[in-house]
Amino acid sequence: MNSRQISRGRGRNGKVTVLKTRANAANSMEDNVRRILEYMGEDPEREGLVKTPTRVARAFEYMTRGYSQDPKAIISGAMFTTEDYQEMVLGKDIDFFSMCEHHILPFFGRANVAYIPKHRIVGISKIARLVDVFARRLQVQERLTTQVANTLMEELDPFGVGVIIRAEHLCMRMRGVEKQNSIVTTSAMLGAFRTQQATREEFMTLVNGSQR
């Protein structure tokens with residue numbers, strides 16, 4: 001009786017509904033992983049695989065947690081009025097991990113994100129968090145690049161934003177063309193980074209200088 005009342009009370013504010021939905025989704029994913037294992041010719045009940053469906057479900061929930069995060073809220077919660085600073089701000093070599101939406105295989109690398117403040121700056125760590133929010137989804141590198149750039153441009157209203165991402169794609173290394181040393185580079189240049197050659201060159205020099 002009490003447990004039912006608690007359940008109803010939570011249901012009214014939406015918490016139980018969310019938990020049940022997540023539980024149902026996890027159970028469904030676990031069932032599907034078992035079917036995939038069987039399709040491969042494996043026995044999902046053998047010792048090494050009996051807990052694999054649960055592990056896979058948890059791993060995918062973690063690796064795609066960006067769907068439940070609001071990128072604009074991350075930026076808006078750490079914006080500050082600049083103290084007459086209108087020079088380039090660069091977050092360099094931001095590590096990220098993502099999942100290719102075409103084969104659901106990892107791609108990973110480093111993002112370089114810069115902007116020139118007009119009247120607002122954002123906490124440095126939030127730039128890295130912004131990359132992470134968009135990376136932790138099923139993605140293509142081109143979209144990831146433009147999403148980071150467009151969000152900063154819209155939320156900060158800076159003079160310009162520049163984003164360069166370099167990544168390794170396991171869908172090109174483990175399968176298909178199997179090119180083991182391939183690197184994919186994408187860029188997005190907005191505002192002054194697109195219209196001002198000097199700004200773009202400064203950005204490229206800072207990004208390419210002393211590469212690890």
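The values are calculated or read from the model by the stated rules, or taken from the named source; none is laboratory data. As the structure is a prediction and not an experimental result, all values here were calculated from the model. Cβ: placed from backbone, ideal geometry, glycine included. Neighbour counts: every protein chain shown.
Quick rundown of the values:
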| read-out | value |
| --- | --- |
| Residues located in segment 50-83, provided they are among the acidic types (Asp, Glu), assigned to a helix (DSSP H, G or I) and loosely packed, with under 14 Cβ neighbours inside 10 Å | none |
| Filtered residue count, segment 64-88, keeping only those that are farther than 17 Å from Asn150 by Cβ, touching a strand residue (DSSP E or B) at 6+ places or on another chain (Cβ under 6 Å) and of a type outside the set (Phe, Trp, Tyr) | 3 |
| Of all residues making up segment 153-194, the number that are more than 22 Å from Ile116 (Cα to Cα) and in contact with a helix residue (DSSP H, G or I) (Cβ under 7 Å, 6 or more places away or on another chain) | 5 |
| The listed residue being touching a Gly at 6+ places or on another chain (Cβ under 9 Å) and among the charged types (D, E, K, R), out of Arg175, Arg166 | Arg166 |
| Residue identified as in a strand (DSSP E or B), surrounded by 18 or more Cβ atoms within 10 Å (Cβ to Cβ) and at pLDDT 95 or above among Val133, Val113 | Val113 |
| Pairs where the first residue, in segment 50-72, is on the phi < 0 side of the Ramachandran plot and the second is in a helix (DSSP H, G or I) and among the small types (Gly, Ala, Ser), C-beta under 6 Å, 6+ apart | Ala57/Ala26 |
| Filter result (surrounded by fewer than 18 Cβ atoms within 10 Å (Cβ to Cβ) and outside any loop (DSSP other than H, G, I, E, B)) within segment 99-109 | Pro106, Phe108 |
| Filter result for Gly123 (in the same structural domain as Phe80 (by TED's automatic domain parsing), crowded, with 21+ Cβ neighbours inside 10 Å and either under 22 Å from the mean Cα position of the chain (by Cα) or modelled with pLDDT of 95 or more (or both)) | no |
